[in-house]
Amino acid sequence: MIRVLLVHDACLVRSVLAEWLRREPDLGVYDTPWRSASTGVRSLRPDVCAADLECEEAYGIPPLGELFARGPGPARPRLLVLADANRPGLLKRALEAGALGYVDKGGSPEHLVKGIRDVAKGKRFVDDSLGFGFLKAAEMPLTRRELSVLTLAAEGASVAEIAGNLHLSHGTVRNYMAAITRKTGARNRIDAIRISQGEGWL
């Protein structure tokens with residue numbers, strides 16, 4: 001039996017997906033929103049976390065690292081993400097977090113089942129339809145930290161709010177914004193956000 005923790009903030013989508021997955025005799029499925037994901041990992045000790053890359057809290061940035069914060073004990077769960085090719089910035093975050101599986105949210109539910117089974121065996125699974133998104137992610141000039149800063153800025157956060165959220169000084173945030181503006185070829189912060197959203201990095 002493969003123990004699966006499904007992490008998704010949209011209650012209706014999460015419930016329907018969980019019920020669909022429970023039809024598979026070899027899957028033991030539990031579901032939770034992102035805010036309870038780390039608690040679910042610690043209590044359930046799943047083999048696979050199937051997590052949506054969209055998060056309603058934390059300015060939309062999925063806290064993938066929290067899925068592995070379980071302390072000593074058995075090996076951490078393997079990560080499969082539900083992704084969108086038009087959000088290469090989130091694909092890059094998942095790759096950096098060590099995700100083994102990448103399932104297109106617009107694809108067939110059967111792909112999710114196959115992805116879970118492959119990832120549970122330690123095999124990589126990538127939907128072919130996400131190839132373009134990975135190419136865009138590879139082209140992205142921003143580092144993970146710069147992307148975090150810019151994502152918060154795009155949500156309307158001030159320098160002080162970004163600094164507080166990311167535990168940085170105000171000067172460091174300004175330095176990151178200057179680097180972002182230079183790397184994206186933008187004229188200013190607003191232009192950097194526009195360019196990054198147009199490229200699908202945010």
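The values are calculated or read from the model by the stated rules, or taken from the named source; none is laboratory data. In this text the structure is predicted, and so the values were computed from the model without any measurement. All Cβ positions, glycine included, derive from the backbone under ideal geometry; neighbour counts span all protein chains shown. To get the accessible areas, we keep the full protein, side chains included, count just its heavy atoms, and leave off ligands, DNA and RNA. Shrake-Rupley method; radii C 1.70, N 1.55, O 1.52, S 1.80 Å.
A few points about this structure:
- As a length-normalised measure over Cα pairs under 8 Å and 6 or more apart, the relative contact order of the chain settles at 16 percent.
- The C-alpha atoms of the chain define a longest principal axis, and helix 11-21 lies at about 40 degrees to it.
- Rounded to the nearest 20 debye, dipole of the stretch 1-58 from Cβ charges on Lys, Arg, Asp, Glu: 280
- Among the listed options (1) 1.20; (2) 0.94; (3) 1.00, the one matching Rg/Rh (Cα atoms, Kirkwood Rh) as calculated from these coordinates is (3).
- Average Cα contact separation per residue, the stretch 107-202, under 8 Å, 6 or more apart, as relative contact order %: 24
- Percent carbon-and-sulfur accessible area, the chain, ignoring ligands, DNA and RNA, probe 1.4 Å: 52
- Surface analysis of the chain yields an accessible area of 48 Å² per residue, using protein heavy atoms and a 1.4 Å probe.
- The stretch 100-202, dipole about Cα centre (Lys/Arg Cβ +1, Asp/Glu Cβ -1), debye to the nearest 20: 280
- Solvent-accessible area of ARG87, all protein chains in place: 70 Å² (probe radius 1.4 Å, heavy atoms, ligands and nucleic acids excluded).
- Counting lysine pairs in the chain whose alpha carbons fall under 21 angstrom apart, excluding pairs fewer than 8 residues apart on the same chain, gives 9.
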